[in-house]
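The values are calculated or read from the model by the stated rules, or taken from the named source; none is laboratory data. Everything numeric here is computed off the predicted structure, so don't read it as measured data. Here the Cβ positions follow ideal geometry from the backbone for every residue, glycine too, while neighbour counts run over all protein chains shown. These area figures cover heavy atoms from the full protein model, side chains too; ligands, DNA and RNA do not enter into them. Shrake-Rupley method; radii C 1.70, N 1.55, O 1.52, S 1.80 Å.
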Amino acid sequence: MELELEQWGGEELLIRRDARTGAWIGIAIHSTVRGPAVGGTRLRRYASVHAALVDVLRLSAGMTVKNAVAGLPCGGGKAVIAVPGPLTDGEREALLERYAEMIDGLGGRFATGPDIGTGEADMDVIGRRTVHVFCRSLGQGGSGTASPWTAAGVQAGIRATLRHRTGSDDLAGRQVLIQGLGEVGGVLARLLHDAGARLLLADVERERVRATVAALPGAVEVTAEAVIGTECDVFSPCAIGGVLNAETIPQLRCLIVAGAANNQLLEEADAERLRTAGILYAPDFVINSGGIMRGIGAERLGWSEAQIDARIQAIGETLEEIYRASERLDISTAAAANRLAQEALTPVEVATPPG
Ligand code: NAD
């Protein structure tokens with residue numbers, strides 16, 4: 001994959017090699033049109049520095065559209081820390097502190113939260129060196145992990161997508177296949193189980209599947225290799241990106257795809273492939289925005305829990321608007337969501353939070 005900075009269309013890219021650990025740090029500020037760029041920090045090993053930079057560019061652009069459609073007064077950004085291998089706790093902390101100083105040097109143009117490979121404890125470390133961080137632990141004055149709110153948004157999105165596709169949003173008896181039972185998928189499984197869905201659960205970590213199946217009577221294990229091609233009403237990707245592509249889409253046997261994973265489509269054309277297959281696709285950056293709504297809403301905008309919940313439930317209404325636009329304009333749901341995002345890319349007036 002080429003690193004196409006011109007096509008990226010962003011504002012600022014900061015790249016630094018951390019001499020002490022050999023890690024590469026990339027901070028991509030894609031847009032500050034709606035406000036300071038906000039997005040998570042992904043910490044992992046990458047095949048190459050190049051792969052890490054491609055990732056951060058793509059993810060930062062995704063945050064711009066996500067935050068715009070979510071109605072947040074934030075732009076889009078993202079950071080990656082490409083580590084060369086396992087770090088000791090001390091090395092990791094020191095690396096995060098140096099990274100936090102980089103964020104601080106941006107003077108508020110970028111603020112970060114957790115993503116794959118980082119959690120609230122890491123945000124606490126970052127918070128020692130900069131205020132431009134969210135989702136620190138409750139003990140440190142943050143709002144903690146946002147994953148349960150992401151899961152709640154995905155549930156609202158599944159209901160809205162089912163309603164549009166079948167005329168009913170009743171989850172009772174619906175077969176839902178969840179791929180990935182981590183922070184989001186695990187909570188989602190519990191929510192859907194309580195709503196009466198029949199769960200089909202898959203994860204590459206077999207122990208995780210077995211524990212979840214044991215805790216949720218009626219749930220059935222599907223092996224990670226058998227996910228694509230397993231018949232269900234709802235396919236909910238909650239693990240990795242790129243699961244919807246030219247090879248997998250013809251094998252899907254579901255009515256809708258609605259899950260939390262970022263970048264579910266391998267390429268743009270996959271949205272059209274899903275449409276042709278008669279599968280209603282809930283654009284990932286819309287349905288998975290519950291977590292960022294909670295983190296920013298609670299810490300930056302002074303929203304109450306009731307206001308946050310109302311916003312998260314409204315993800316269903318936003319999706320309905322997207323589905324209607326897709327039909328009216330005869331375009332894919334992903335294209336309709338991108339149009340909505342582009343329309344929302346205008347500066348926002350921010351009301352000062354109470355207190
Ligand atoms: P996580 O790392 O906690 O969980 C991911 C799970 O997927 C793990 O249990 C892992 O073993 C499993 N997995 C990995 N590859 C798999 C495969 N090929 N088949 C089946 N299972 C596989 O991550 P998370 O926080 O639950 O996030 C899940 C997805 O949702 C990610 O793509 C993430 O970017 C996206 N997302 C998360 C949030 C959030 O609030 N956590 C918000 C928006 C988007």
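Worth a mention:
- Entry note: the range 202-244 has Rg to Rh equal to 0.95, where both radii use alpha-carbon atoms and Rh is the Kirkwood radius.
- Backbone HN-Hα couplings from phi across the range 87-92 [Karplus 6.51/-1.76/1.60, Hz, Gly and Pro as x]: 10, 6, 4, x, 4, 5
- Rounded to the nearest 10 degrees, the angle from helix 49-69 to the longest Cα principal axis of the chain is 70 degrees.
- Most simply put, the chain has about 30% antiparallel DSSP beta bridges, counting only bridges with both residues inside it.
- Solvent exposure ordering (accessible area, 1.4 Å, most first) of Ile240, Ile249: Ile240, Ile249
- 3J(HN,Hα) from dihedral phi, the range 326-343, Karplus parametrisation 6.51/-1.76/1.60, rounded to Hz, x for glycine, proline: 4, 6, 4, 9, 6, 10, 5, 5, 5, 5, 5, 5, 5, 4, 4, 5, 4, 5
- Here the spin labels are modelled as points 7 Å beyond Cα on the Cα-Cβ line, and at Glu221 and Arg45 they lie 2.7 nm apart.
- Value of [θ]222 nm, deg cm²/dmol, for the chain, DSSP H segments ≥ 4, -39500 (n - 2.57) each, nearest 500: -13000 deg cm²/dmol
- For the residues Arg34, Arg253, Arg136, a GNM of the chain with alpha-carbon springs under 10 Å puts the largest fluctuation on Arg253.
- Taking all protein chains together and rolling a 1.4 Å probe, His164 ends up with roughly 50 Å² accessible.
- Rough spin-label spacing in nm, given labels placed 7 Å along Cα→Cβ, for Glu267 and Ile15: 2.4
- Between the range 199-277 and the range 5-42, the Cα center-to-center distance that results, in Å: 30
- Dipole of the range 61-176 [Lys/Arg +1, Asp/Glu -1 at C-beta], most positive-end residue of Thr112, Ala100, Gly153: Gly153
- Residues in the range 118-128 carry Karplus couplings, in order, of 9, x, 5, 5, 5, 5, 4, 5, 4, x, 5 Hz; the curve used is 6.51 cos²θ - 1.76 cosθ + 1.60 with θ = phi - 60°, and Gly or Pro positions show x.
- Rough spin-label spacing in nm, given labels placed 7 Å along Cα→Cβ, for Gln251 and Glu321: 3.7
- The residues of the range 63-152 expose, per residue, 35 Å² of accessible area to a 1.4 Å probe.
- Using Cβ point charges alone (K and R +1, D and E -1), the dipole size of the range 82-200 about the Cα centre works out to roughly 600 debye.
- Once divided by 2.2 N^0.38 Å, the Cα radius of gyration of the range 253-351 becomes 1.17.
- With the largest listed first and rounded to whole Å, the semi-axes of the equivalent ellipsoid of the range 1-98 from the Cα gyration tensor are 25, 15, 10.
- Net lengthening on full extension, Leu3/Arg210 (0.36 nm per residue, minus Cα-Cα): 70.5 nm
- Kirkwood Rh and Cα Rg combined as Rg/Rh, the chain: 0.95
- Leading residue at positive end of dipole, the chain (Cβ point charges), from Leu280, Gln179, Val125: Val125
- Computed lengthening from Arg190 to Arg339, 0.36 nm per intervening residue step minus Cα-Cα distance: 50.3 nm
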